[in-house]
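The values are calculated or read from the model by the stated rules, or taken from the named source; none is laboratory data. Just so you know, these numbers come straight off a predicted model, no measurement behind them. Neighbour counts are summed over all protein chains in view; Cβ atoms, including those assigned to glycine, are modelled from backbone coordinates with ideal geometry. Side chains included, ligands, DNA and RNA excluded: accessible areas come from the protein's heavy atoms. Shrake-Rupley method; radii C 1.70, N 1.55, O 1.52, S 1.80 Å.
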Amino acid sequence: MRKVKMMKSNNTYKNTDKKTNKTNKPTKKWNNSYTKLVLMLCLGAVIGAAGSIVLSFSGEEMASFYSAAIHYLEKTGVFWVGGLVVIITVAGIAIYIHLKRLWRKEEESDDETADMWGEKFDFWSQLGITVANTSSGTILILGFLSMPSRFRNVDLDISTTSGMYHFVLYIALAALLVGGAVLVCILEILIIHLMQKRDPHKQGDPSSFSFNKKWLESCDETEKMVIYQAGYKAYTRIQVMILIAMIATIWGKLWFDTGNFPIVLVGILWIYGTASFGIRKMKGLKNR
Amino acid sequence: MPLINHLKEHRARLGVNQSELGKMADVSRQTISLIERGDYSPSVTLALKLAKIFQVQVEDIFVYEEGEDDEE
């Protein structure tokens, strides 16, 4: 039988220390994990206790500050949303014009500078899409926070000055909400179409529900790797944010009477995100 | 990274930019750029495609050099 020569490999999983020739005991790592867990539990208890002490002295002030802030937003929200829509419109147009200029420069340039313009185009196109995505969320949040919690408590009688003012205010707010959401969608579609013109391999209709799937399928290996890495990082960070949101909603229930609904909502998002990731991973391992 | 590549030299010899090479290899300009910088190791398929484009062997473009610790 032919002997096969085993190649030396840069095995990072070797557990023998060459200097001392001693085997690293894996049990030390397990002990450290449990110790860290106990330490984090203690730290959480200390933070929770400190927060409770602070809120017991200043809870009333924080509750009244919260009410005052919401009241202020209900009065002036339409102007904040309007300003945000104007900023996004200007920024969106500027980014689109800049992208077209970068693409033109890339095509007109020689080797080394073409690479530089291409990198800038990739950066600015991704920035434009990120701005569009985060803007739509911001507009919706700001807009709905500016709506009164109960419309029947608001004077909407258009025969009175106050009623007419409120009526126009909330119609304008609704128009800005819808208009702003449509605007960011148009911005995102324009940028994606420009990217597809520059690189015809990119597939997918941005207005279609299957756009993400088709876009991913048309990406090459590094683009997929970048997307996967970004997705995993986003997932891990969202898990931390959900934990913070859960703590905030529990405090909100205890101190500001926000009720159970926010806790249930955050909990459902947490469970869905974790289960979704786990199931997808199991499917991925199964398909190998 | 133990993978050394001479992609940039071969691309210069062919007289194409990253975008053009990407189109020839059916990948994006970003992929070519990442490979040249050493930030990404290409798949076997892509390495073979690039070797075919340059009409050389894969080992002429990508060289695997083990670290000094492994030579002991």
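The figures follow:
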{"item": "Translational diffusion coefficient (Stokes-Einstein; Kirkwood radius from C-alpha pairs) of the stretch A:220-288 at 20 °C, 1.002 mPa s, in µm²/s", "result": "154"}
{"item": "1.4 Å probe, heavy atoms, protein only - residues of the stretch A:114-128 losing at least 10 Å² accessible area vs chain alone", "result": "A:Ala114, A:Asp115, A:Glu119, A:Asp122"}
{"item": "Sequence of A:Glu223, B:Glu65, A:Glu108, A:Glu188 from largest to smallest accessible area, 1.4 Å probe", "result": "A:Glu108, B:Glu65, A:Glu188, A:Glu223"}
{"item": "Pair-distance profile P(r), taking every C-alpha pair of chain A, with 5 angstrom steps and integer %", "result": "1, 4, 6, 9, 10, 11, 12, 10, 10, 9, 7, 5, 3, 1, 1, 1, 0, 0, 0, 0, 0"}
{"item": "Cα-only radius of gyration and Dmax that characterise the stretch A:76-192, units Å", "result": "19.8, 69"}
{"item": "Pairs beyond 29 Å (Cα-Cα), from A:Lys202/A:Lys283; A:Lys253/A:Lys281; A:Lys120/B:Lys23; A:Lys197/A:Lys286", "result": "A:Lys253/A:Lys281; A:Lys197/A:Lys286"}
{"item": "Å² per residue, accessible surface of chain A at 1.4 Å", "result": "74"}
{"item": "Kirkwood hydrodynamic radius over Cα pairs of the stretch B:3-55, then Stokes diffusion coefficient at 20 °C and 1.002 mPa s, in µm²/s", "result": "198"}
{"item": "Accessible area in the full protein assembly, largest first, 1.4 Å probe, for A:Met246, A:Met40", "result": "A:Met40, A:Met246"}
{"item": "Span-like helix ranges in chain A, DSSP H, alpha carbon extent 20 angstrom or more, Kyte mean at least 1.0", "result": "A:161-198"}
{"item": "Most positive-pole-ward Cα, A:Ala45, A:Ile250, A:Met282, against dipole of chain A from beta carbon charges", "result": "A:Met282"}
